[in-house]
Amino acid sequence: MKIKTNRLIGYTHSLEYNIEKFIRQGLTSKRIEIDCEIPLVQYDWTDELLKHAYLTQNSNEYQVRLKVIHIENAHRRNNSQGEQYGPYSWAQ
């Protein structure tokens, strides 16, 4: 950065510091965003694995309905954003 900026008129160390600070803040906020997404991906992956394992058990309709009710209740308890889950929404 210093090689090309030496030729700019009015370019100061203060300006360089502010540019570097802006870049660092952008990288920090992007890192926070990525760190928040990682648990969601892990949760979705685990959820998919459990769903697959459950569906391969060839449960009867009564067992499926009971499990759907159980899963939907668990989602409602754990969901802080208040999203609604309909019947069989997890199995689609």
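Throughout, read-outs are computed from the coordinates displayed, never taken from laboratory work. Every value quoted in this text rests on a predicted model; they were computed, and no experiment measured them. As a convention, Cβ positions derive from the backbone with ideal geometry for all residues, glycine included, and neighbour counts pool all protein chains shown.
Taken along the Cα-to-beta-carbon direction at a fixed 7 Å, the label points for Q25 and L55 span 4.6 nm.
Model label sites at E33 and E48, defined 7 Å from Cα along the beta-carbon direction, differ in position by 2.2 nm.
Distance between the 7 Å Cα→Cβ label points at T12 and R77: 6.1 nm.
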